[in-house]
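Below is one structure, written out as C-alpha cells, with a few remarks after it.
The values are calculated or read from the model by the stated rules, or taken from the named source; none is laboratory data. Just so you know, these numbers come straight off a predicted model, no measurement behind them. All Cβ positions, glycine included, derive from the backbone under ideal geometry; neighbour counts span all protein chains shown.
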Amino acid sequence: MKNYVVAFLLLFAIMGTQAQNDTIKKNNLGQNEVKLNAVFLLFGSFEPSYERNLSEQSSVGVSAFIPFDNKNFDMDLNYYISPYYRIFFGKKYAAGFFLEGFGMLNSMEQKYYTTSVDGHYSYWDEDVTDFALGFGLGGKWVTSGGFVFEVNGGIGRNFFNTNNDDYYDYSPIVGKFGFNVGYRF
C-alpha cells in the first residue's frame, strides 16, 4: 500500500511541475512599436508613430501628422511633430491605462484681416509655426503576437503667436487623438 501512495504522490508531483512549465510564457516581444492612426487615414491624413518602451511602466515616442487630401480634411493644420512620454498603470508590460505628456511643433494656416477706413475687411492667409505643451490619456492593448491597439486623446496650448489681435480664426489650444493600430517588435 505504501508503494502505491508513494507512486501516486510522485506521479502527481511530476505532473504538477510539468503543468507549471507549460503555463509560463516568455515575453519575446521587443521594446519597439510602430503604429498608424487609422481614423486619420479616413479623413485624408497620415499619422505614423514610433514608440520605445523604457520599462514595464514607461515609454517615449514621437508621432508626425501629415495631411495628404485637403478636400476631405477640412482643417488648417499643415503638419505637426509630437514627441511624448507615457506612464502606464496596467498589469501587462507597457500596456493598459496611461498618462501622457507631449510637446508639439505645429504649423497652421492662419487667416488675417484688416479693416480699411471705409469699413471693408481684407483677408489673407499665412502659415504660422508654433510650439505647444500638453497632456493626454489613453489605453493600450497588446496581443501575444505583438499586435497593438491604442486609443488616446490629449489637449495642449501653443506658446507663441497667441497675442495677435489680427488673427481671424486662431485658437491657442491644440488637440490630438487617435485610434492607432500597430506592431510591437
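Quick look at the numbers
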{"item": "Within segment 74-104, tally of residues that are in a strand (DSSP E or B) and out of contact with any Pro (no Cβ under 9 Å at 6 or more places or on another chain)", "result": "15"}
{"item": "Every residue from segment 40-64 that is touching a Phe, Trp or Tyr at 6+ places or on another chain (Cβ under 7 Å), of a type in the set (Phe, Trp, Tyr) and at pLDDT 95 or above", "result": "none"}
{"item": "Unmet criterion (only one of (1) buried (at least 16 other Cβ atoms within 10 Å of the Cβ); (2) assigned to a strand (DSSP E or B); (3) at pLDDT below 95) for Glu109", "result": "(1)"}
{"item": "Contacts under 7 angstrom Cβ, first residue in segment 126-148 being surrounded by fewer than 13 Cβ atoms within 10 Å (Cβ to Cβ), partner part of a strand (DSSP E or B) and among the charged types (D, E, K, R), 6 or more apart", "result": "Asp127/Glu109; Phe135/Glu100"}
